[in-house]
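First up is the structure itself, then whatever we jot down about it.
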Amino acid sequence: MPFGVYERPGGTYSLVRPFSLASDVVGSPNFAKFLASLAPPNPSPTDRCIDPQGWPVTPAPGGCHPGTFCGGRPSPGLLWTLPIGDVKTWLGAHNHHALVAEITPKRPTASLGEIVGIWGYYYPAWTPTVGPWTVIMLKLKMLWVDATPGAGWVPNPTPPPSWHEFPAPPKPGRSVFEFFYATHDGGRWRMRGLGLYNSPLLFPDALACLFRVIRDELKEPPKACGEGLDLCDC
């Protein structure tokens with residue numbers, strides 16, 4: 001899935017630079033430091049919150065590892081939120097830039113969404129052979145959904161991403177959520193195999209936490225920047 005940093009002068013999104021979610025964000029030292037600030041990766045069997053069959057279990061209060069637990073209760077993993085502003089800083093972008101994903105780059109139509117939220121569910125201690133891992137969830141405000149490019153659309157001759165320029169949408173978009181996962185390997189966080197696609201493993205604790213985030217996000221009132229309501233009676 002191609003990603004790009006875009007300027008938004010007037011009614012046009014203009015590409016500043018492409019970036020890789022896998023290498024420029026998740027694989028960066030900044031991301032490793034961010035997760036380590038919650039709980040350092042520790043594959044020691046004595047610190048694992050996993051039962052003999054391999055399922056995550058809820059530890060006793062104060063057990064297993066510190067961090068931000070789901071709903072304030074101890075849980076096998078840690079719910080995290082990564083500010084968009086931090087990611088822009090890692091990429092050398094500015095606050096006024098937009099981080100845009102092309103969801104269907106191989107189709108003749110365009111599905112483009114701006115990243116407006118990043119969360120995850122982190123298991124600092126897993127089996128010694130698998131190592132720590134984290135689910136990653138992006139909230140995308142859709143700019144265009146299966147749109148047929150026309151006037152004002154300029155293809156990028158060296159993808160990714162698929163578009164060098166494209167027009168701003170006529171109205172605020174609705175939200176979608178995209179999932180990935182990454183594993184800790186050799187001191188780095190890596191997205192590979194199914195982690196590069198929309199195929200995460202969501203154990204019940206991760207599912208409950210992330211669905212709570214989705215529900216709350218969809219019920220948020222309109223923002224000053226003009227985002228539309230996702231769940232409303234209007």
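The values are calculated or read from the model by the stated rules, or taken from the named source; none is laboratory data. All values reported here derive from a predicted model rather than from experimental measurement. Here the Cβ positions follow ideal geometry from the backbone for every residue, glycine too, while neighbour counts run over all protein chains shown. The area values use the complete protein model at the heavy-atom level, side chains included, leaving out ligands, DNA and RNA. Shrake-Rupley method; radii C 1.70, N 1.55, O 1.52, S 1.80 Å.
For E220, the solvent-accessible surface with a 1.4 Å probe is about 60 Å², rounded to the nearest 10. Set against the 2.2 N^0.38 Å expectation for a compact globular protein, the range 94-159 has a Cα radius of gyration ratio of 1.57. Axis of helix 29-38 versus longest Cα principal axis of the chain: the two differ by about 50°, to the nearest ten degrees. Across all directions, the average projected area of the convex hull around the alpha carbons of the chain is 14.0 nm². At q = 0.15 Å⁻¹ the log10 of I(q)/I(0) for the range 31-142 amounts to -0.75, computed by Debye summation with a single uniform scatterer per C-alpha, solvent ignored. To the nearest ten degrees, helix 204-218 and the longest principal axis of the Cα atoms of the chain are 30 degrees apart. Placing dummy labels 7 Å off each Cα toward the beta-carbon, the span from R73 to A36 is 3.2 nm.
Projected onto planes of every orientation and averaged, the convex hull of the alpha-carbon atoms in the range 124-202 covers 7.6 nm².
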